[in-house]
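Contents: one structure, followed by commentary.
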Amino acid sequence: MPLEQLKTSREILDLLQSQLKSGTGEVSGQIELLGSGACYAPKPPAFTVGLDVPQREVKELLLKKSVVVVSAPGGCGKTTLVRKLCQDPDVKGKFKDNIFFVTVSKVPNIKLMVRKLFEHNHCRVPEFQTDQDAIIQLEQLLKKQAEKAPVLLVLDDVWGGPDIRVEPEFPFQEFKNFEIPECRILVTSRYEFGSFGSAYKLDLLHGEEAMTLFRHSAFPTDGDFMLDKDFKDLVKEIVKRCGGFPLALQVVGRSLSGLPVAIWKSTLLEWSEGQFILESGEGLLDCLQSSLASLNDKLKECFMDLGSFPEDKKIPVTALIDMWAELYKLDKNGVHAISRLIKLSLQNLLNLVVTREGATEVEGCYDDAFVLQHDLLRELAIRQSSQEPMEERKRLILDLSGDKLPDWWTEETQPCIKARLLSISTDEMFSSSWCDMQVPEVEVLILNFQTRENNYTLPEFMKRMDKLKVLVLTNYGFSIPELTNFSVLSSLPSLKRIRLERVSVPTLCNTMLELKNLEKITLVMCKINQAFNSSAIQMPNLKEINIDSCNDLVGLPEWLCDLVQLRKLSISNCHKPSTLPEGIGRLRNLEVLRLHACTKLVGLPDSIASLRNLTLLDISGCFRMRELPKQMGELCSLEKLYMRRCSRLRELPPSIMRIKQLEVICDTEKAHLWEDHNFTNLRIDETTDLNWLV
C-alpha cells in the first residue's frame, strides 16, 4: 500500500509539473481521475500463467462481435485476463484512450457507474433521475467518444439474478442495445449470459501451467530446482489435488511457502483423511462460497446433492432425475431436473455433458447425459451440507477409507440420524462388514463402491429404511461383483426406483415379488441374464425399465410382456438380442419403446401393432434390421420415429404412411425411402454416436 500510494503521488506530481510547464491550470479533473473514481483498466499482475491463448481468442472475438462474455467460477482469472487484454497492443491500438473499465459487482449502482464514466471523460455530470435515465445519458456519452476512436466498455464481475435467469441482475440489455457501431462491450461473470453476446468459457489450468503457478506462489525466490525427488513428488501430488484451480494453487502455495517438509506431508495427509482443501488458506472458501450467494434455496439443495457422488466421476443425469423426483417432487420425466442442472451450469458450478450429440433430442431420454464437477466445488457442496449437527443434517455423506468408520458409527448407543439422503462411498479395502445404523428418515440411498472381491454385500440396516424410495448403487471398480444380500430389498415397502451400475444381479424372483410400489428399474453395464431368466415376476406398478450396455443379455423374457403398467421400455447398446418377444403387444400402456444400438436385432414382432398408446419408437443403430412390420400403420398414436443408421432397411410398409402426425428422424442414406412416398414430415440427422469414446 505505501508503494502504491507513493506511485500515485509521483504520477500526480508528474502531471502537475507537465501542466505547469505548458502554462495551463486545467489539472483538477485529471488529478481526480488518478484516484478511486477513474475508469482506467487496472494493470494485470506482473506474473500470469495460462492466459496467452485465452487472450488471443477473446481478442479475436472482441474485434468481430459487439458483446463478449467471459465466464468461469470465481478465482479462475477472468478479471486478470481482461486486464491483460486491455494492455494488449492491438487492443490499445484500435480503441486508444477509449478503453473504460467498470467493476459492476453483486449490487450494481448504475448511477454511480455512469457518473464515473462522465468524470473520466472530463464531462459535466448530468443529474440522473433514474437508472434508465443514466443509461440513456451514457449512450450519448459513448456516441460522442466513438467519434474520436472505437469504444471498449469493460463490465467486470457481473452477477446473475436471484433465480439464475439468463438475464444479469443489472440492466445489461440496455447496454447491449446501444446503437453505436464502433462500441464493444466485454463482460466478465461467474454466469453464462449466452443470449447477450458471444460466450467464452475460461478453462482451468492443466499440467505444467498449474505447476508453474503453484511454484511461483510456494517458491517465490528460487523455484524448486533445489528440491530432492521425494519433495518434488510431494509437490506434484499437492498440485494435482488443487485440480488446476488458479486461486487454489496460489492460496495453497502461499500457505505452504517456507514451511518444513513435515508440514507439507501433514497437509496432504489431512486432505486424504477428509479435511477440506477449502480450509487451506484465507480467501479460497469465501471466494467459492460467494458463487452460491444468488442461488435460491431449491438450487442450493440440488447443488449440495452433487456432493453425494465420488470426486472425478461422472454423475449420471438419470440418477439425479430419480433422486429429485422423490426428494423435491419434480416431474418424473426430468424436465425440471434438467432445467436446474442448466441453471447451475450457467453459474459454472458444474459441467453438463452429453456424450452422444443429439441424444436428448429423443424426448425424455437422458441416458447419454452426465454431470462433471470440479473437486473443489464438490468439497464446497459437502461442506455446505455439513453445517448442522450430524443428527440434524438433511444429507449425510460418508467417504470411508478401508474399514475405518467414524467413531459415532461404532458406538454402542448410536445417534438417530434424520437425513433424507444418505451417501456412502467405500474403496477396495472395505470388507463389506457393515455396522448397524439408525437412519429411519432416509428416502434416497447412494452406495458408491470399489471392490477386489467377487461380491458386494448390501448392508443389513437397509431393512429398517421404511421410507426409502430411491436406491442408486454404482461400482467404480474394474471387476463386476455379484450383489449379495439382495433379498434385503424385499423389506422396503416404499422403494420406487432402483439404479444399478456394473454389478451382477442375482435372481429377481423372490425379491421383486415384495416390491409392490416399484416404478422404475435402471440397469447399466450389469450382468443380468441370470436375473432375467427367473420365473414369472409380478411388479404391478412398474412403469419404466432401462437397460443399457448389458452385454450378457441374450433376449427379453416373456414375463416382461405381462407388466401391463409399463410405459417406457429402453434397451440400448445391447448387442446379443436378435428378436423381441411376440407377447410385447400385451404392453397396452407402453408409450416409449427405445431399441437404440441393438446391433443384432433383425426385426420387430408383428404384435407391436397392438401398442396403440405408443408415441415414440427409436430403432437408431439397429443396422441389421431389414424390415418393419406390415401393420405399422395401426400405431395410431405414434408421433416420432428415430431410425438413423438402419443401413439394411430396404423398404417401408405402405401402411405407415397413414399415421398423419408422424415425424421421422433419419439420416441421408434412408431419406429416399420416405421421399419416394412423398412423405414431408422428415428430419435429416447425421450425428454420430462415437463421442463416448473420447
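If you look at the Cα atoms of the stretch 611-665, you get an Rg and a Dmax of 10.7, 28 Å.
With r as the distance between the Cβ atoms of LYS201 and GLN129 and R0 = 30 Å, compute the FRET efficiency 1/(1 + (r/R0)^6) and round to 0.05.
Working: r = 38 Å, r/R0 = 1.28.
Result of the calculation: an efficiency of 0.20.
With a cut-off of 13 Å on the backbone N, no residue of the stretch 479-503 is near the modelled label site 7 Å out from SER433 along Cα-Cβ.
For the stretch 576-694, what class follows from the C-alpha gyration tensor (a ≥ b ≥ c being the square roots of its eigenvalues): rounded when a/c is under 1.5, otherwise prolate if a/b is larger than b/c, else oblate? It comes out oblate by the Cα gyration axes. Put simply, when 45-55, 596-606 are sorted by average Cβ atoms within 10 angstrom per residue, most first, you get 596-606, 45-55.
If the segment from LYS576 to HIS122 were pulled out straight at 0.36 nm per residue, it would be longer than the present Cα-Cα gap by 155.7 nm. One way to sum up the overall shape of the stretch 529-582 is the equivalent ellipsoid from its Cα gyration tensor, whose semi-axes run 18, 13, 10 Å, largest first. Hydrodynamic radius of the stretch 38-137 by the Kirkwood approach over all distinct alpha-carbon pairs: 15.3 Å. Full extension of the chain between ALA46 and VAL554 gives 176.5 nm of extra length, using 0.36 nm per residue less the Cα-Cα distance.
Over 20 Å between Cα atoms, which of LYS467/LYS516; LYS516/LYS543; LYS329/LYS527 qualify? Each step should come with its number before you reach the end.
Working: LYS467/LYS516 14 Å; LYS516/LYS543 12 Å; LYS329/LYS527 32 Å.
The answer is LYS329/LYS527.
Residue-wise HN-Hα couplings along the stretch 545-552, as the Karplus relation 6.51 cos²θ - 1.76 cosθ + 1.60 with θ = phi - 60° gives them from phi, are 10, 10, 10, 10, 6, 9, 6, 9 Hz; Gly and Pro carry x.
On full extension, the segment bounded by LYS144 and GLN538 gains 134.1 nm, given 0.36 nm per residue less the C-alpha separation.
If you take the alpha carbon atoms of the stretch 417-478 and fit the smallest convex hull around them, that volume is 77 Å³ per residue.
Straight-line cross-link partners of LYS240 among the lysines, defined as a Cα under 28 Å from its Cα and at least 8 positions apart when in the same chain: LYS78, LYS84, LYS201, LYS229, LYS232, LYS265, LYS300, LYS313, LYS314, LYS404.
Label-to-label distance, ASN296 versus ASP97, with points set 7 angstrom from Cα along the beta-carbon direction: 4.8 nm.
Could you tell me what a quarter of the Cα convex hull surface of the stretch 505-635 works out to, in nm² with one decimal place?
On the way: hull surface 27.3 nm².
Projected over every direction and averaged, the Cα hull of the stretch 505-635 covers 6.8 nm².
With r defined as the distance between the Cβ atoms of LYS65 and GLU686 and R0 fixed at 22 Å, what FRET efficiency is calculated, to the nearest 0.05? With R0 = 22 Å, the Cβ-Cβ based efficiency is 0.15. Once Rh is set to the Kirkwood radius over Cα pairs, what Stokes-Einstein translational diffusion coefficient, in µm²/s, holds for the stretch 360-481 at a temperature of 10 °C and a viscosity of 1.306 mPa s? The calculation lands on 99 µm²/s. Placing a label point 7 Å from the Cα of THR484 along the Cα-to-Cβ line, the residues of the stretch 394-422 whose backbone N sits under 18 Å from it are 403. Ordering of 519-532, 314-327 by packing is 314-327, 519-532, highest average first (other Cβ atoms within 10 Å, averaged per residue).
Extents of the stretch 445-556, largest first, come to 33, 33, 19 Å (Cα atoms, principal axes, whole angstrom).
Every read-out reported here was derived from the displayed coordinates using simple, explicitly stated rules and does not represent laboratory data. These numbers come from a predicted model, not from an experiment. Because the Cβ atoms are built from the backbone with ideal geometry, glycine has one as well, and the counts that use them run over all protein chains shown.
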